[in-house]
Structure formats: C-alpha cells, structure tokens
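Data first, discussion second: the structure below is written as structure tokens.
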Amino acid sequence: MEFRRKDLLGIADLAPEEIRHILDTAQSLKEISSRPIKKVPTLRGKTVVTMFYEPSTRTRMSFEIAAKRLSADTLNLTVSASSAVKGETLADTAHNLEAMQPDLLVIRHYASGAPHYLAGRLRCGVINAGDGLHEHPTQALLDLLTVREAKGRLDGLKVAIIGDIAHSRVARSDIQAFIKMGSKVTVAGPATMLPPFLESLGAEVTYSLEEAVAGADVIMMLRLQLERMNQMFLSTLREYSREFGLAPRHLALAKKDVVIMHPGPLNRGVEISPEVADGPYSLILEQVTNGVAVRMALLYLLIGGEKG
Amino acid sequence: MSLLIKGASVVDPAQNLEEVRDLLLDGGKIAALEPPGTIPGEGRRVIEAQGLVVTPGLIDMHVHLREPGEEYKETIETGARAAVAGGFTAVACMPNTKPVNDTASVTRFILDQAAAAGLARVYPVGAISMGSGGQNLSEYADQKAAGVVALSDDGHPVMNPLLMRRALEYARTFGLPLISHCEDLNLRADGVMHEGRVSLELGLRGIPAAVEEIMVFRDLALAQLTGGRVHIAHVTAFGSVALIRQAKAAGLTVTAETAPHYFHLTEEAVRGYDTNAKVNPPLRTAQDVAAINEGLRDGTLDAIASDHAPHTSLEKDVEFQEAAFGLIGLETSLGLSLKLVHDGVLTFKELVAKMSTNPARILGVPGGNLALGAPADLTLIDLNREWTVDVAKFASKSRNCPFHGWTLKGKAVMTIVGGEIVSGEL
C-alpha cells in the first residue's frame with residue numbers, strides 16, 4: 001500500500017491497514033540493526049530534528065539511532081537548552097527551526113495537542129513522540145510489533161493494561177492500537193486513575209489486577225509517577241504495590257505463554273517486581289529494540305522513498 | 001430632532017405587546033406608541049421600518065470590556081461599538097479588569113470612558129471582595145454611589161462560604177444583586193475542558209459539572225439563609241438547572257443566565273484542540289444543552305448574556321492547555337439566540353424578555369421596556385435576514401469566536417440609544 005501521510009500524530013487517526021503496513025515495514029528494517037555495519041543510505045541528505053519539551057532518554061535516543069541508521073542528519077533540541085525558557089512561543093520556535101529546512105520534526109511536549117498544533121502550521125512532517133496525557137503513537141506501534149513477533153498475531157489476544165490510565169498517553173495509544181488490531185483490552189487500576197468513559201474506547205474496565213490478568217496473553221504495566229501520591233490519587237506506595245504491582249503469583253492466572261511489557265522507565269518494586277521484570281516472560285528489552293525498528297519505519301515512510 | 005419609526009411590529013414583553021405600531025422618540029424618551037399612520041411625520045426624521053420588529057434595547061448583562069488594563073484586547077469604546085453592532089443598547093461589564101473594579105474610582109473611570117464613547121450604555125459591576133482576593137469585602141456603598149449596578153466574583157470565584165454569606169448580607173443592605181460565578185477551584189484543579197468522553201480522547205484535564213453544581217447549591221443555600229439576592233452567572237450544567245428550578249419552586253428569589261455557546265455547542269467543539277472553544281465554564285454534553293434549552297423554555301433561566309470575553313492571538317494561538325478561557329459574543333448573541341425562536345424553544349417575545357426585560361429588572365437599570373417615558377433605547381431587527389459570521393468584520397478588537405463561518409438567520413439592523421441612532425441605517 002501507499003503511505004501518504006505528512007505527519008504521524010496519533011493512533012486514533014490510523015486505519016488498521018496503515019498500522020499493518022508500518023509494522024511490516026519495521027519488521028523488514030529491523031534486520032539492519034543486527035548487521036555488522038548498521039547503516040543504509042536511504043535517508044542520506046535528509047534532516048530530522050527532535051524537539052523535546054519533556055525529559056526523555058529512551059525515546060529521543062531511539063529516534064536518533066533510527067535516523068542515523070538510515071543516514072539522516074539529526075539535530076536534537078531539548079527544552080533546557082532551547083528558547084522556551086526565554087519565553088518564545090512554540091509556534092515561533094518551530095517556524096525558526098523550519099526556516100533551516102528540516103525534513104521532519106519529532107516532538108515531545110507536555111501539552112496535549114502540541115504536535116497537532118505544529119502539524120497544522122508547518123510544511124515539514126511532524127511525528128508525535130508523546131504529547132501530554134494524549135498519545136504516544138510510536139510506543140503503541142512498537143508494542144504491537146513486539147507482541148506480533150512473540151505471538152505471531154494480534155487478532156483475538158487478551159491484553160491487560162495496568163496502572164495509572166488517567167495520566168498515561170501510552171495507555172491511550174495502546175488501548176486504541178490493540179483494539180484496532182483485533183485484540184481485547186482490559187484495563188485495571190484504582191478508580192482514581194481510571195477516567196470516566198474508558199468503555200467508549202472499547203476497553204473493559206476493572207479495579208482488580210487479578211481479574212485483568214486472568215487468561216491474559218499480554219500484560220502491560222504502566223509506570224507509576226511518584227508525585228501522584230501528593231495529588232490525592234493514592235494513599236501509599238506500599239498499598240499501591242500490594243494491590244496493583246505485578247508479582248510472580250499473578251503470572252499463574254494468565255495464559256501459560258503470557259508476555260510482560262512495560263514502556264519504561266521501571267519503578268522496580270512498585271508496579272513490577274524485579275523477578276517479573278527480569279523473568280523469562282518479560283519482553284521489556286525487546287520493546288526497546290523494536291522501538292528503533294518502528295521509528296526507522298516511520299522515518300522511511302514519512303520522508304523516504306519516492307516522496308523525497 | 002424627534003424620530004418616528006413607522007410600520008414595525010413592536011414587541012415589548014413588559015406591556016405584553018406584539019403588534020404593528022408607530023413609535024415616536026423625543027427628548028431621549030419614548031414619546032408616543034400609536035396605531036400605524038396616526039403620528040404625523042412632518043418635522044421629524046422618519047424611519048420606514050415595515051417588515052422589521054422593534055424591541056426594547058437589548059441588554060447584555062455579562063461582558064468583559066478589558067479596560068482598564070488590557071486595552072489591546074478590547075476597550076470600553078470598541079466593546080461598546082461591538083455591543084451596538086450586535087443590537088445591544090446596554091451592557092454590564094464585569095470587574096476582573098486590571099486593576100480590579102473594586103473601588104469608586106475605577107467605576108467612575110469606566111463610566112467616563114463609556115460617556116466619551118457615546119455608544120451603548122455601560123453599567124459597571126463591582127467586585128465582591130477587595131482586589132477580588134476573596135478575603136475582605138469591598139466598599140459596596142461607595143461603589144453603588146459611583147454607579148455599580150451589581151457585585152460579582154466573575155473570573156475570581158469566592159471560595160470561602162463565610163465571605164459569600166457576608167457578601168450577600170452586605171449587598172442586601174444596599175439593595176445590590178450579587179452575580180455569582182459558580183466554580184469550585186479546588187475541584188476544578190487544572191482542568192481545561194468538560195470532563196467526559198472528549199477530554200479522555202484528547203488527553204485534556206477535565207472540569208466535571210460538579211465544579212459548577214456544588215457552588216450553585218452553596219449559593220442557593222446561602223441566599224436562603226441570608227435573604228440576599230443572588231443571580232447565577234453562565235449556567236451550563238444539567239444539575240445546575242435542576243437546582244435553580246427547585247429553588248425557584250420553593251420561592252427563593254434567585255435569577256440565572258446562560259450564554260448562547262451553552263445552547264449551541266458541546267464538548268465536541270474542542271476536537272482539533274480549537275482554543276476558541278476553550279471557555280470557562282466549559283462546553284458540556286448534549287444532555288446539558290438539552291437541559292439549558294428546557295431551562296430557558298420553562299423560565300428557570302431568566303436571561304441570555306454573551307459572557308463576551310475578548311482575547312487576542314497572544315492568548316489563543318498557543319497550546320490548548322496554555323490558552324486563555326473565553327470567547328466573544330456581542331456580535332453573534334442575537335443571531336445565535338434567535339435560533340431558539342426558529343427552533344420553537346421560545347417565542348420571540350420570550351426571547352426579548354431574556355435579552356432585555358429581565359436583565360433590566362435583575363440589574364435594576366432603566367430600559368427593558370417601551371412604555372411612555374421610558375428611555376428611547378431600542379433595537380430594530382430583521383428576523384429573516386440570513387448572514388454569515390465573519391470575525392474579520394467584527395467591531396470588537398478581538399476575534400476569538402468559535403462561530404466564524406456559521407450562517408445565522410436574523411440580525412439587528414439598527415440600534416438606538418437615548419433616541420440617537422448609534423448603529424445601522426435603513
């Protein structure tokens with residue numbers, strides 16, 4: 001199929017066949033990263049700018065490595081070093097960057113909708129690397145790729161997503177992504193962290209970790225942001241980890257070949273016990289590897305090939 | 001020179017009048033209201049108004065004119081110009097200026113600016129507390145003497161119920177109504193839109209309807225306790241309408257208003273992160289819109305006010321969560337409200353009551369009727385004129401309007417204040 005998008009802003013906009021095409025492309029590009037010389041000339045002469053208004057190690061590095069393996073030039077702008085602290089507006093910063101003729105802008109921003117705001121104003125392509133509480137589409141795509149590799153399919157799987165759904169852009173993207181690809185999604189967490197209308201996204205909702213993981217093919221644990229304690233969402237870390245932390249005893253409730261995932265960074269001993277995180281069912285590091293492949297695929301599809 | 005308006009259908013809810021009459025304006029007053037053809041036109045300026053309706057001048061009891069302090073968004077003059085362009089002969093302006101209108105000197109400044117503009121009548125609303133800080137009562141007697149017609153916490157809601165109790169009692173002492181901005185700031189937290197399905201999908205922090213309903217209930221209870229007169233500003237929620245209806249049925253003298261965007265738009269308008277649809281209180285659900293319509297129909301909601309809140313691209317052309325709340329409405333309010341008549345929710349006479357008679361009564365200001373001797377403030381309306389909202393043509397300094405491009409039916413074609421034509425021509 002042809003991929004005609006200028007931007008990649010969210011899972012919500014993508015059709016299942018587009019998602020499949022991205023995953024297939026990522027699968028075929030993944031092999032490049034295991035070569036002795038991990039570089040192809042596909043995006044030679046292209047410039048990819050990453051703009052991060054929030055701290056990130058993994059996602060920013062992943063985009064940078066992906067761009068470099070495709071021979072694109074990369075430039076990284078982080079908020080502390082940027083004009084944002086001088087009071088420049090997002091639009092002005094982006095227009096100034098665009099004046100230097102990049103081909104693609106990768107943005108992470110604390111405000112939901114910031115990538116959409118830029119995409120409507122810039123000629124170059126925009127990839128959403130996480131916006132506020134809204135979406136983190138490249139994370140959802142790498143999660144799909146990881147599960148599809150492990151299970152050979154996405155259709156008909158039972159996926160449990162556990163934790164702070166309310167504040168998680170990963171959850172919003174993953175719920176929609178897995179449902180679009182035919183999986184069944186159950187979310188669990190304390191009611192303070194389960195926003196109303198989750199059912200309208202097609203997810204089942206429960207307050208019980210045990211119920212959510214029962215018969216699950218995939219268990220996705222979300223990072224608990226420790227500041228939630230002071231915002232009246234939780235009582236204590238102790239209680240959270242006892243009620244909603246994934247421990248070895250829970251795995252017996254799931255399918256025999258269950259896989260455990262986490263978008264990182266981990267709070268070991270809070271939402272996931274070290275035994276589970278490091279255990280044989282964990283695909284957490286495979287997610288990171290696939291992150292590079294998915295981002296290579298998106299760079300290629302948005303600015304590579306005939307479009308260049 | 002006296003002005004004779006001939007052949008219009010005169011609609012005045014205060015006199016329960018709805019028929020073709022000729023209307024003579026002289027000395028700034030309504031001088032005669034007679035059957036067609038009975039008032040001679042010689043020596044008078046005659047306006048042939050056949051096919052039009054004439055109403056008591058429309059009164060928008062809730063606007064923000066931004067002066068003093070934010071003149072780049074609006075001034076009293078440009079706001080008054082927008083008012084008369086939209087058919088309004090009078091507006092009540094909220095005190096959240098910079099500085100806050102909590103003293104007689106600011107009130108006098110506003111009135112001086114309005115007099116210099118010479119367009120719409122401007123009625124200042126004073127602040128409930130000093131600096132709108134929510135700590136100490138401001139000087140109500142002094143403000144009243146300077147010209148305020150009501151007191152309000154609009155934009156800076158009073159969180160302390162004891163202060164609200166004292167404010168109701170103290171305002172009662174001087175016969176001033178209290179216009180309450182019902183919003184629990186603790187519960188709102190950092191919400192930026194209605195909490196519901198759309199906020200979930202857009203990843204925006206929510207403002208549940210309970211933020212408003214809790215405070216509506218508080219203020220109704222305090223009005224009951226104190227005998228003070230409370231007017232609930234910008235009602236949006238199903239639950240608020242039910243509470244006000246119940247209080248009125250129990251005999252409480254409460255009044256309430258809503259705004260056109262609350263009976264035309266839902267949370268869906270925010271999709272695409274449209275900051276022109278970012279407003280406080282927020283656009284809610286279809287169920288709330290239905291309740292607002294029903295509240296207007298059955299009289300629970302007494303008035304329609306625009307909550308005209310000008311902002312420029314500096315406040316609106318930014319990330320959604322960073323954008324200022326508010327939208328402008330003076331030049332669309334009548335056209336949008338007429339849809340209630342076209343849709344059969346209200347009769348035209350009922351609409352005029354909500355946009356003129358009732359606001360005048362609630363604020364205790366002149367106008368709102370066409371009785372002999374009343375101020376010659378009136379609005380001529382072409383009920384059938386279709387027009388398209390174009391923000392580029394607004395008299396307001398600001399452009400933050402989510403109705404740009406809408407086609408509306410019905411428009412004010414002439415606005416007369418004190419017997420002078422201040423907008424429009426025939």
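Do the conditions hold for A:Phe178, that is, is it away from every other protein chain (no Cβ under 14 Å), of a type outside the set (D, E, K, R) and touching a residue at least 24 places away in the same chain (Cβ under 8 Å)?
Against the criterion (away from every other protein chain (no Cβ under 14 Å), of a type outside the set (D, E, K, R) and touching a residue at least 24 places away in the same chain (Cβ under 8 Å)), A:Phe178 qualifies.
Within the stretch A:108-120, restricting attention to residues that are over 11 Å from A:His134 (Cβ atoms) and surrounded by fewer than 24 Cβ atoms within 10 Å (Cβ to Cβ), which residue is farthest from the other protein chains (Cβ to nearest Cβ)?
A:Ala119
Just wondering, is there one or more residues in the stretch B:141-154 that are surrounded by fewer than 21 Cβ atoms within 10 Å (Cβ to Cβ) and either free of Cβ contacts under 8 Å to residues at least 12 places away in the same chain or over 27 Å from B:Ala83 (Cα atoms) (or both)?
yes
Which pairs have Cβ atoms under 7 Å, sit 6 or more apart or on different chains, and link a residue in the stretch B:188-203 that is within 14 Å of A:Ala111 (Cβ to Cβ) to one that is polar (S, T, N, Q) and not in a helix (DSSP H, G or I)?
B:Leu202/A:Ser112; B:Gly203/A:Ser112
I'd like the residue in the stretch B:301-340 that is over 26 Å from B:Ala80 (Cβ atoms) and outside any loop (DSSP other than H, G, I, E, B) and, out of all such residues, is farthest from the other protein chains (Cβ to nearest Cβ).
Once the filter is applied, the top-ranked residue is B:Glu322.
Based on this model, can you work out whether B:Glu77 counts as within 19 Å of B:Ala92 (Cβ to Cβ), in contact (Cβ under 8 Å) with a residue 24 or more places away in the chain and among the acidic types (Asp, Glu)?
The answer is yes for B:Glu77.
Just one of B:Ile232, B:Ile207 is more than 14 Å from chain A (Cβ to nearest Cβ), crowded, with 24+ Cβ neighbours inside 10 Å, modelled with pLDDT of 95 or more and closer than 22 Å to B:Lys278 by Cα; which is it?
Just a single option satisfies the conditions, and that option is B:Ile232.
Looking only at residues that are part of a loop (DSSP other than H, G, I, E, B) and within 14 Å of chain A (Cβ to nearest Cβ) in the stretch B:143-202, which one is farthest from B:Val122 (Cα to Cα)?
B:Gly196
Can you name every residue in the stretch B:27-73 that is among the acidic types (Asp, Glu), more than 17 Å from the chain's Cα centre (by Cα) and under 22 Å from B:Ala90 (Cα atoms)?
Residues satisfying the conditions are B:Glu67, B:Glu70, B:Glu71.
Among what's in the stretch A:188-202 and is touching a residue at least 24 places away in the same chain (Cβ under 8 Å), of a type in the set (Gly, Ala, Ser) and farther than 10 Å from A:Ala166 by Cβ, pick the residue that is nearest to the other protein chains (Cβ to nearest Cβ).
My answer is A:Gly202.
Can you find even one residue in the stretch B:91-112 that is more than 26 Å from B:Ala167 (Cα to Cα) and in contact with a Lys or Arg (Cβ under 9 Å, 6 or more places away or on another chain)?
No, because not a single residue in the stretch B:91-112 is more than 26 Å from B:Ala167 (Cα to Cα) and in contact with a Lys or Arg (Cβ under 9 Å, 6 or more places away or on another chain).
Here's the yes/no breakdown for (1) away from chain A (no Cβ under 14 Å); (2) out of contact with any Leu (no Cβ under 8 Å at 6 or more places or on another chain); (3) buried (at least 21 other Cβ atoms within 10 Å of the Cβ); (4) not aliphatic (A, V, I, L, M):
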| residue | (1), (2), (3), (4) |
| --- | --- |
| B:Gly239 | yes, yes, no, yes |
| B:Ala242 | yes, yes, no, no |
| B:Gln246 | yes, yes, no, yes |
| B:Ala249 | yes, yes, no, no |
| B:Glu267 | no, no, yes, yes |
| B:Tyr273 | no, no, yes, yes |
| B:Ala277 | no, no, yes, no |
| B:Leu283 | yes, no, yes, no |
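Just to be sure I understand, how many residues within the stretch A:263-299 are within 30 Å of A:Cys124 (Cβ to Cβ) and β-branched (Val, Ile, Thr)?
Going through the stretch A:263-299 one residue at a time, the tally reaches 4.
Tell me which residues, restricted to the stretch A:187-215, are assigned to a loop (DSSP other than H, G, I, E, B) and more than 18 Å from A:Ala140 (Cα to Cα).
A:Gly189, A:Pro190, A:Leu194, A:Pro195, A:Pro196, A:Phe197, A:Tyr207, A:Ser208, A:Ala214, A:Gly215
Regarding A:Val205, is this residue in contact with a strand residue (DSSP E or B) (Cβ under 6 Å, 6 or more places away or on another chain), within 13 Å of chain B (Cβ to nearest Cβ) and without any contact (Cβ under 8 Å) to a residue 40 or more places away in the chain?
yes
Could you tell me whether A:Leu75 is surrounded by 21 or more Cβ atoms within 10 Å (Cβ to Cβ) and either within 30 Å of A:Leu154 (Cβ to Cβ) or out of contact with any His (no Cβ under 6 Å at 6 or more places or on another chain) (or both)?
Judged against the criteria, A:Leu75 is not a match.
Please enumerate the residues belonging to the stretch A:130-161 that are within 14 Å of chain B (Cβ to nearest Cβ) and either touching a Cys at 6+ places or on another chain (Cβ under 8 Å) or within 24 Å of A:Met100 (Cβ to Cβ) (or both).
A:Gly130, A:Asp131, listed by residue number.
Output the qualifying pairs, or none if there are none: Cβ atoms under 7 angstrom, residues six or more apart or on different chains, first residue in the stretch A:79-104 and away from chain B (no Cβ under 14 Å) and more than 20 Å from A:Lys6 (Cα to Cα), second residue at pLDDT below 90 and assigned to a helix (DSSP H, G or I).
A:Ser82/A:Thr93; A:Ser83/A:Thr93
Test each condition in (1) under 30 Å from B:Arg271 (Cα atoms); (2) among the hydroxyl-bearing types (Ser, Thr, Tyr); (3) in contact with a helix residue (DSSP H, G or I) (Cβ under 6 Å, 6 or more places away or on another chain) for B:Thr388 and report the one that comes out false.
(3)
In the stretch B:350-363, what residues are more than 17 Å from B:Arg121 (Cβ to Cβ) and either within 14 Å of chain A (Cβ to nearest Cβ) or touching a Ser or Thr at 6+ places or on another chain (Cβ under 9 Å) (or both)?
Hits for the stretch B:350-363 are B:Leu351, B:Val352, B:Lys354.
The values are calculated or read from the model by the stated rules, or taken from the named source; none is laboratory data. Quick caveat, the model's predicted, so the values are computed rather than measured. Every residue, glycine among them, receives a Cβ derived from its backbone with ideal geometry; neighbour counts consider all protein chains shown.
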